[in-house]
Structure formats: structure tokens, C-alpha cells
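This report concerns only the one structure given below.
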Amino acid sequence: MRALGIALSGCVLVGCVSIDPYRQQPVAQLLQHDDALGDCARLFKASDATIEAAGTRDAQAPRVAGFPYLRVDRSLALLASTAAVAKDPQRAGEWMSALAALDDGARRIELRNAGGDTAAAADALAACRDVLARADQRRLAALLEAAQVPDDYSTAERIVGLYALTRYPFATGIRRWQRETLAEFAGAAPASAPGSLPRLPYRPAARLDAVPSLPVAPLLGLPAIAQEELAELIVRHAPRLAIATADDNDRPGALVWQRDGDALRIGVAVDQALLYVRAAHTRIAGRWLLQLVYTAWFPARPPAHAFDVLAGRLDGLLWRVTLTEDGAALLYDSIHPCGCYHLFFPTERVRARPQPESIDEGLFAPASVRSPADNERVVLWLAARTHYLQRVAVERADANGGVGVVMALRDDDQLRMLPLPDGGSRSAFDADGLIAGSERLERFFFWPMGIASPGQMRQWGRHATAFVGRRHFDDPTLIDRYFERLP
């Protein structure tokens, strides 16, 4: 956090827990079968061996232990708790198909990044996925229990780091950062004054490079939406940016693989101004709503001083819009790609729920935002170097006569298979969902909070957003925990 200057001794790195879906019965027994089931189990194990050998494992949706052909995200894990899935065979089949689709999408990316004949291998796996799914229909109870997303916090690290005690100075630092942020938003609007940095305007393109797919097919109350309508909503709600600019580190661009001597590393091509976008879901008062998530990436957060533990390569901002059923903005919230600085911006369509007294990080809303009309757009004011949000405004869509750098809108999933300079592809993220080379010195001080490499940039689905307490950005119950809709 911005004001957390906490000196803690020792260094224990937190690692993600790896899931081996072949250890559980009966899949371990299937490997010994001399039949179609055995052949399919061995095919999936061979596929996983290829992926592990190539180092192309994707961390966005974890595999389900005991079911090597399925993966799960937090929305599907929440759906597993519904009576409809447990008691209705048709609904259970739809839910299993969604788990299978997650594995199919991720495995195609992993195999493509590993090289070889991806299409043929993926098609063979798809046929085997159907074979295994039919056999596992009788194992629904076991699947419902296993289809969970591992917590992104390490209880063991918190025990070693004396979390029960060390959380108090961390909580003090967080409250200080919140006071500073409230003062920033309550002050006069940042403006160009003599000697101040120029504030460059950016506006999203009027069309998408490619429409992102929904995370799962509509089922069990998830909203159904046509691709054309989704594209229209993405363009309509894409934010404009007004960025105080000191140098190229304040210019949003495309993540790309770049050569650094003999090595490759992820960098930002600032000559390609763009926002990455994805669709997600949240559940409020028992109803599922669509969310749109926009991400801007910057080359670095440069150090403010010689001992700036928050500085490092790569930085960014995630801006999320939760929509009503008719496509209007219900609520906004934001984090940086490290999971840090979680801010909420409610519209007049919601109100905050009373929260219990707790030292844990909870609802922090430095300002409210009027839900824009169809002819209006949200503008995000960002600080230079730190890329902190300074203000959120609403302006007419035709304000400034269309002046500003045009940002392309690109599917966020493209980051899972970026082109390499010499051919082939590779994910921007490693097998733990982190971007190598974006580590921060803060990880040597903040590890007692139980988060893997605090401050490092990470993949969708891997954003823990609270140092004190437990909270995940993609938790579909998160918004309902803090807000209720107004009639």
C-alpha cells in the first residue's frame, strides 16, 4: 500500500499450491484400465506432461482435483453450491459442460504455447472429455466438493509471519493510505498549472479488435447476451483516461515479449495505446449481473526515492463496471494488477451495507459516481509515476471534440498467448499467474500477510486484494457483501 513503510525482518516466499488431479481415486485407477476410459485418462496425463515439460501451464482457472479434464473459476464454484446443480441432472450436465469448456480453452492455449499440432491434440482431448464426463456423472457429489478455487492466501506463511500480531501495524498503514486517498478525492480537481505535468487525454476506440467471450455459457441464472450486444456495452462503458505524464512510463500500451540481451521479458509497447477487456459475473441479492473489466498497462512504476519498495517494472490499472440488467452502470471498482489499492465507486443505484467493526480491509469508497447516461462517459484521472486514481468524473461523449489518443480495445485473454519475437507464443504469466520481472522489494517486508510476492503483477483470477483479511477481486459474492441495490 502507498503508505505502508513497515520494517519486518526475514523473508519467506509464498508459493501457489499445485493441484495434481491424477492422485485421487478413481482417476488413478483409470490409468490402469485397458479400455476407452483408460486410454482417455492416459491421454490427458500425457497432455499435462507435455504442458509441464514446456512450462506453459495457465493459472487463470485451476484444474479440479480428481477430474483432469475439468477446470473451475469462482463463479462456477459458487454455482456448485446451488440446489439446482445438485438435484437436477440437466442443470448438473450444463454445469459440468461449463467446467469442461474452461479446460478446453485453457488447454488449447497451453498446448499452443508448448508448440506442436495443437488443433489435433485438442480435438482428441475434446472427444475424451465427453467419454470421461459420461463416466463421471455418477460422481457428481465428489465433483461438487472438489470444484473449488484454492485460496490465494497462505495460512502457513501467516503463521510463520505472526500474522495475528503483524496485521496491526499493516492495518495502521492501510488506514493512513485511505486517509490520504480521501484527501486526494476531496481536494480540488487536478489541473494543469504553471510547472505541473501535462495531462494527456486518451479515449477508447469506437469498436473492438475482438469481442471477448463470456467466461461461461449462460446457465443457472447467468445473463445471456449476444456477442453484438456485449461489444456495444464494452464500447459504451470503456473509460476515458486523463493521465499526468512525466515520461513513457505513464503511457498505456500493449504487453509484448521483448528481447533483453539473450533473454526474453514482458514489456509494454507504448506506441500501441490500448485497453484490455474481459467480461465477468457477480451475484447480488440472488441475481447474476454482467461485469466488464478494463486494464491499462504501463511500462513501470519508477522509484520516487532510493528506498522505494513499491517501484518496479510494469504497472497498471484495472477498472471494473458492474451493470444492471438493462446495461446501465450500477457500481465501479478498481485495483492495480498487483491486487493492491482496491477502491469502490458506487452510483446512486446502490447503497453501502452496514459493515461490522473489524481490523480487516473492507469497503473503501473514496467517492461516488453518477451513473452515466447513454451520451456520457466516465473519465479516470491518473497520477504520474504511481498511476493512482485521483478522480473519477462523468462527461459528455462529445466533450473535447474527440481530442485524445485513441486506445484500441483488445481481448484480455490474448495475454495468455502473446507472440514471441522468433515465432511461437507464450503467456505473459507464469504457472503461478505472475509476470516474471515485475517483482517488488515490498515482497521482503509484506510476506507475513500471506500473499504470494506482494506487489508483483498477476493474472485475472489471482488477485488477492486485502493485506489484512481475505478478499479476491473475482469473488462473485464480493459486491453483494458491501452493497445493496436500491429500488
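Here are some notes:
- The set of residues from region 433-455 being in contact with a strand residue (DSSP E or B) (Cβ under 9 Å, 6 or more places away or on another chain) and either among the hydrophobic types (A, V, I, L, M, F, W, C) or open to solvent by 60 Å² or more (accessible area, probe 1.4 Å) (or both) comprises Leu434, Ile435, Ala436, Glu439, Leu441, Met449, Ile451, Ala452.
- Residue in region 35-51 that is among the small types (Gly, Ala, Ser), at pLDDT 90 or above and not in a helix (DSSP H, G or I) present: no
- Residue-level check: of (1) among the acidic types (Asp, Glu); (2) touching a Ser or Thr at 6+ places or on another chain (Cβ under 9 Å); (3) closer than 17 Å to Arg42 by Cβ, Glu110 misses just (3).
For (1) over 17 Å from Ala141 (Cα atoms); (2) surrounded by 18 or more Cβ atoms within 10 Å (Cβ to Cβ); (3) not β-branched (Val, Ile, Thr), each residue gets a yes or a no:
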residue: Ala61; (1), (2), (3): yes, yes, yes
residue: Arg71; (1), (2), (3): no, yes, yes
residue: Leu79; (1), (2), (3): no, yes, yes
residue: Thr82; (1), (2), (3): no, no, no
residue: Gly93; (1), (2), (3): no, no, yes
residue: Asp103; (1), (2), (3): yes, yes, yes
residue: Gly115; (1), (2), (3): yes, no, yes
residue: Ala119; (1), (2), (3): yes, no, yes
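- Of all residues in region 145-173, those satisfying the criterion of being within 29 Å of Pro21 (Cα to Cα), part of a helix (DSSP H, G or I), at pLDDT 95 or above and open to solvent by less than 80 Å² (accessible area, probe 1.4 Å) are Thr155, Ala156, Glu157, Arg158.
- For region 83-118, the candidate set comprises residues that are farther than 21 Å from Ala147 by Cα and of a type in the set (Gly, Ala, Ser); within that set, the residue that is farthest from the chain's Cα centre (by Cα) is Gly116.
- Region 210-256: number of residues that are assigned to a strand (DSSP E or B), closer than 30 Å to Ala399 by Cβ and out of contact with any Asp or Glu (no Cβ under 9 Å at 6 or more places or on another chain): 3
- Exclusive hit being assigned to a strand (DSSP E or B), out of contact with any Leu (no Cβ under 8 Å at 6 or more places or on another chain) and open to solvent by 70 Å² or more (accessible area, probe 1.4 Å), set Arg207, Arg265: Arg265
- Checklist (1) open to solvent by 30 Å² or more (accessible area, probe 1.4 Å); (2) at pLDDT below 95; (3) in contact with a helix residue (DSSP H, G or I) (Cβ under 8 Å, 6 or more places away or on another chain); (4) aliphatic (A, V, I, L, M) applied to Ala98, failing item: (1)
- Inter-residue pairs, beta-carbon under 7 Å, first among the polar types (S, T, N, Q) and in region 386-407, second exposed (fewer than 13 other Cβ atoms within 10 Å of the Cβ), 6+ apart: none
- Meets criteria (modelled with pLDDT under 95 and part of a strand (DSSP E or B)) for Arg259: yes
- Restricting region 360-393 to residues that are basic (Lys, Arg) and part of a loop (DSSP other than H, G, I, E, B), the residue that is surrounded by the most Cβ atoms within 10 Å (Cβ to Cβ): Arg385
The values are calculated or read from the model by the stated rules, or taken from the named source; none is laboratory data. These numbers were taken from a predicted model, which means no experiment stands behind them. Quick reminder, even Gly has a Cβ in these numbers, built from the backbone with ideal geometry, and neighbours come from all protein chains shown. Quick note on the areas: whole protein, heavy atoms, side chains included, nothing else; ligands and nucleic acids left out. Shrake-Rupley method; radii C 1.70, N 1.55, O 1.52, S 1.80 Å.
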